[in-house]
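J.: Got a structure here, written out as structure tokens. Questions coming.
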Amino acid sequence: QVQLVESGGGSVQAGGSLRLSCAASGLAFSMYVMAWFRQAPGKEREFVVGISQRGQNTNYGDSAKGRFTISRNNAKNTVILQMNNLKPEDTAVYYCAGGLAPGSRFVDYKYWGQGTQVTVSS
């Protein structure tokens, strides 16, 4: 059974930082492209950033460029999202996702975590 479990969400003031983690199990982690999406209330799920199987390539959505950094540790089956200079508009549920090919669409990813809430206050 594949599981993606996010952690590290919480509440922070604007300008602060959070570090999200995603722990994967039940899949050949190093074969999967991993990504973070987010969904704010009343909005569609939005691609944040993706990372290739070995971590050599990354693809940042416009909202994440210059502020967020994705990394992965294939030995520990984890993917990390470091978020700096957070803004109130970053408030959302953040989801970890895994797929077999790079992409920025919801349908590109087969496996999803349950999400972790990030709230940024002004």
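J.: Being of a type in the set (A, V, I, L, M) and touching a strand residue (DSSP E or B) at 6+ places or on another chain (Cβ under 8 Å) is the requirement here; does residue 93 meet it?
T.: yes
J.: Still on this structure, I have one more. With 28, 23 as the choices, which residue is closer than 14 Å to residue 97 by Cβ and either out of contact with any His (no Cβ under 6 Å at 6 or more places or on another chain) or modelled with pLDDT of 95 or more (or both)?
T.: Working: 28 fails: closer than 14 Å to residue 97 by Cβ.
After ruling out the rest, the residue left standing is 23.
J.: Ok, one more. For segment 1-37, which residues satisfy the criterion of being of a type in the set (Phe, Trp, Tyr) and in contact with a helix residue (DSSP H, G or I) (Cβ under 9 Å, 6 or more places away or on another chain)?
T.: Residue satisfying the conditions is 37 alone.
J.: Among the residues of segment 47-63, which ones are without any contact (Cβ under 8 Å) to a residue 12 or more places away in the chain and either in contact with a helix residue (DSSP H, G or I) (Cβ under 8 Å, 6 or more places away or on another chain) or among the charged types (D, E, K, R) (or both)?
T.: 62
The values are calculated or read from the model by the stated rules, or taken from the named source; none is laboratory data. A quick note: this is a predicted structure, and the numbers were derived from the prediction, not measured. Please note: Cβ atoms are built from the backbone with ideal geometry, for glycine as well, and neighbour counts cover all protein chains shown.
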